[in-house]
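Below you'll find the structure, written out as structure tokens, and then a few comments.
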Amino acid sequence: MMPEMANRWTALALVFLTRTSMGFQFQSVASVAPLMIADLGLSYTQLGTLTGLYMLPGVLFAATGSLIGQRLGERRVVLGGLGLMVLGGIVTASAAGFTAAATGRVLSGIGAVLMNILLAKLVADWFTGKEMSTAMAVMLTSWPVGLGLGQVTLGALAARTSWRTALVATALIAGLGLILMLLYRDPPVATPAAPAPGFPLSAADARLAGAGGFVWGCFNASIVVIIVFGPTLLIARGATLADANGVVSLATWLTMVSVPLGGLLSDRRGRSNSFIVAGSLLAAGTMLLIPVISSALLAFSLLGLAIGVAPGAIMALLPRTLPPERVTTAFGVFYTVFYVMMVLTQPAAGFVRDRVGDPAAPIVFAAVVMAVSALGLAIFRRLQRATRPA
């Protein structure tokens, strides 16, 4: 293997392992939800709010985070973000009520936002051409790996000790990610930052980035609803907390295979539209099967396979559409819209659960949000044709 090729895959491995800490910490509230609800007296709307608050800083810091990365150094800002994730995990673990827990989640979320945006840029710096979707898909797999690890470990740990111990564990994992990023090195020639002062995107490019973020936001927000409220559906059917988290984790574990495979096939076939539309609708249809299929193992396994079709193609939309020097700032707009979707969808799912009273209601809600991803792609392509005619 050529040294440059070895270096870029080593860099991707470090990014992958570091980004796993974000999924692990994000998942923690869902994994220990019944215990937090009982101890802190939370409603399902508040539970969804705690989940969404992790993404709230993205609404404020997504665009500015990319600019901060340009000025202070992307790797340095990633390290600072991981430090905030450590602090936020400890604050949430020591909370005595909803307000304190919310404060900790926001602190963790600020760190996760800064890390998440800039890690995507680091991958884009190392990979170009036909490997872009594959590399992005591999990076994206770190999120479900973190979620899966949280699902199979945090609930069991909380049951044997306490939910507070489980949340401290998420801070420790973020600390490990910080150590790993100290080993990361930039590529020999990184994608240059935009030299122009101010906001380097045109209004047309900003709208295009926002449309891409809407697609990614709908896709991910619907999956998170399944992860957060799927266990409560299974518990209502008689499963234990550990068993429910284990079954739901099947979907996230299978994405370790399905997401990179989907990105690889998208690169080779070159039909990203088909992969995004088919993947979104297939995942939405599979979600609708969860409340009606008697075998939860089968339902969540099918979902894990369906989820993998679209992500690589979605994350490659901006790098393949915009000039390289604009990608960092474009990802800021992209993630701003993404985080808006994540923040709004989780409390909305909890509200649906509180109002309807049926544990299956958030699952149906998630399927609708997932299907809207295809509509978001149509908006993206229309804006692209309007600003960049053939």
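Just so it is clear, none of the values below were taken in a lab; they were calculated from the coordinates. What you see is a predicted model, and the numbers here were worked out from it, not measured in a lab. In this analysis, Cβ positions are derived from the backbone assuming ideal geometry, glycine residues included, and neighbour counts consider all displayed protein chains.
By the beta-carbon count within 10 Å of each Cβ, the least crowded to most crowded order of 290, 307, fewest first, is 290, 307. Taking 0.36 nm per residue of separation and subtracting the Cα-Cα distance, full extension of the segment from residue 358 to residue 293 would add 21.8 nm.
Computed about the Cα centre, the dipole magnitude for the chain is approximately 620 debye when only Lys and Arg (+1) and Asp and Glu (-1) carry charge, each at its Cβ. Here the sum of -39500 (n - 2.57) over DSSP H runs of 4 or more residues, divided by the residues of the chain, equals -28000 deg cm²/dmol at 222 nm, to the nearest 500. Net charge in the neighbourhood of residue 170 (other residues with Cβ under 12 Å of its Cβ; Lys, Arg +1, Asp, Glu -1) is +2. For helix 296-307, report the angle its Cα long axis makes with the longest principal axis of the Cα atoms of the chain; keep it between 0 and 90° and round to the nearest 10°. The angle comes out at about 10 degrees.
In loop segments of the range 104-163 as defined by DSSP, there are no trypsin sites (Lys or Arg not before Pro) with at most 12 further C-beta atoms inside 10 Å of their C-beta.
Taking label points 7 Å from Cα along the Cα-to-Cβ direction, residue 165 and residue 237 give a separation of 3.0 nm. Relative to the longest principal Cα axis of the chain, at what angle does helix 163-181 sit, 0 to 90 degrees, rounded to 10? For helix 163-181, the angle is close to 20 degrees.
Over all distinct Cα-Cα pairs of the chain, the Kirkwood formula returns a hydrodynamic radius of 20.6 Å.
Counting beta carbons within 10 Å around each of 253, 143 and listing the fewest first gives the order 253, 143. Relative to one another, the C-alpha centroids of the range 1-80 and the range 307-346 are positioned 15 Å apart. With neighbours defined as other Cβ atoms within 10 Å of a residue's Cβ, the residues 184, 54, 335, 44 order from fewest to most as 184, 44, 335, 54. Suppose R0 equals 35 Å; then what is the FRET efficiency for residue 94 and residue 186 from their Cβ-Cβ distance, rounded to the nearest 0.05? So the FRET efficiency works out to roughly 0.45. Computed over the range 256-390, the alpha-carbon pair-distance distribution with 5 angstrom bins reads 2, 10, 15, 19, 21, 15, 9, 6, 3, 1, 0, each value a whole percent. Taking the square roots of 5 times each eigenvalue of the Cα gyration tensor of the range 44-108, largest first, gives ellipsoid semi-axes of 25, 14, 6 Å.
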